[in-house]
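Take a look at the structure set out below.
The values are calculated or read from the model by the stated rules, or taken from the named source; none is laboratory data. Small disclaimer: the values here were computed from a predicted structure and weren't measured. Positions of Cβ are generated from backbone atoms using ideal geometry, with glycine treated the same way; all protein chains shown enter the neighbour counts.
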Amino acid sequence: MDNVINGRVSNLNHRVAHIDFQFIRNSVTKHISIEEEVDSILHFASTASPKDYSSYPIHTLTVGAIGTLNALRLVRSKNACFCLASTSEVYGSPLESPQNEAYWGNVNPVGPRNVYDEAKRFAESIAMAYMREHEVNTRIIRIFNTYGLRMRPSDGKVLPNFIIQALTGKPLTIYRDRSQTRSFCYVDDLLGGCYRMLTTSAASLDLCSARTINLGGNEEISIYHSHIE
Ligand code: UDP
């Protein structure tokens, strides 16, 4: 299910013929009705590029809040497993680096990136509330920067920007004071982690206090130095 606010249905062309695949154009902020049994719900709906959530600040908050509530209501009614795609942005402007899952973050509720940060922090919070109050089988993945096939050239994220700039012979744009660093993960690896998170038993996750995990690349890269090296 996707409202395609910042995606392309054509990205699914290689899947539509598959007998077990069905695409529903709908926003998770609207009522979700599914007749069939449901094993798992993976809630990935959100704008995730700074360019997009700046353009749709209210929608970004609504998806994180109402959208997550709708997804959890469905999960509960179907007795399904819930996997929430969260983000490294829950750490805000972190005062420690790298951040492990025990770090609570440093978020400005009215700052420039706040709509995404707070939407995902609320989403995590209500997912855990459903787990504690209604015993919903919840898992949360905090996704760090990810790249791969079919990203939009105009996504605004650093890798599509650099690739398009390099291909068109334009200078690479380095924002801010050049001190920023990021880690990058290829989408297939990210999905592998996601699948493992979904298929690991609740008992095993609880044994290692791993209901909430970071998922991303493990090499911290300087954005500035990556372009001059
Ligand atoms: N960035 C940059 N030039 C660009 C796009 C991004 O220097 O054309 C920097 C940006 O300041 C940030 C990093 O690259 O420090 C990653 O930005 P992106 O928007 O890809 O992801 P996010 O900030 O959400 O991690």
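For (1) of a type in the set (Ser, Thr, Tyr); (2) out of contact with any His (no Cβ under 6 Å at 6 or more places or on another chain); (3) more than 23 Å from Thr146 (Cα to Cα), each residue gets a yes or a no:
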| residue | (1), (2), (3) |
| --- | --- |
| Arg8 | no, yes, no |
| Phe21 | no, yes, yes |
| His43 | no, yes, no |
| Ser46 | yes, yes, no |
| Pro50 | no, yes, no |
| Ser55 | yes, yes, no |
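Would you confirm, using the coordinates I've provided, whether Leu95 is within 12 Å of the ligand (Cβ to nearest atom), touching a strand residue (DSSP E or B) at 6+ places or on another chain (Cβ under 6 Å) and closer than 28 Å to Tyr224 by Cα?
no
For Val115, only one of the following conditions fails: (1) surrounded by 17 or more Cβ atoms within 10 Å (Cβ to Cβ); (2) farther than 30 Å from Leu74 by Cα. What is its number?
Unmet for Val115, out of (1) surrounded by 17 or more Cβ atoms within 10 Å (Cβ to Cβ); (2) farther than 30 Å from Leu74 by Cα: (2).
Consider Ser226 carefully, then state whether it is at pLDDT below 90 and either within 16 Å of the ligand (Cβ to nearest atom) or surrounded by 11 or more Cβ atoms within 10 Å (Cβ to Cβ) (or both).
Yes; evaluated as a whole, the condition is true for this residue.
Do any residues in the range 67-86 that are closer than 12 Å to Ile32 by Cα have Cβ atoms under 6 Å from those of residues that are among the β-branched types (Val, Ile, Thr) and in a strand (DSSP E or B), where the two are at least six apart or on different chains, and which pairs are they?
So the pair list comes out as Ala71/Ile41; Val75/Ile41.
Of the residues Val28, Val75, Val63, Val115, which single one is β-branched (Val, Ile, Thr) and within 14 Å of the ligand (Cβ to nearest atom)?
Val115
Quick test for you: out of Tyr147, Tyr130, Tyr195, pick the one residue that is crowded, with 17+ Cβ neighbours inside 10 Å and more than 16 Å from the ligand (Cβ to nearest atom).
When all the criteria are applied, what remains is Tyr130.
Just need a number here: residues in the range 158-177 that are exposed (fewer than 13 other Cβ atoms within 10 Å of the Cβ) and either more than 10 Å from the ligand (Cβ to nearest atom) or aromatic (Phe, Trp, Tyr) (or both).
Residues that pass the stated criteria total 7.
Looking at Ser54, Ser88, which one is buried (at least 17 other Cβ atoms within 10 Å of the Cβ) and of a type in the set (S, T, N, Q)?
Among Ser54, Ser88, only Ser88 is buried (at least 17 other Cβ atoms within 10 Å of the Cβ) and of a type in the set (S, T, N, Q).
Among the residues of the range 110-121, count how many are modelled with pLDDT of 95 or more and outside any helix (DSSP H, G or I).
0
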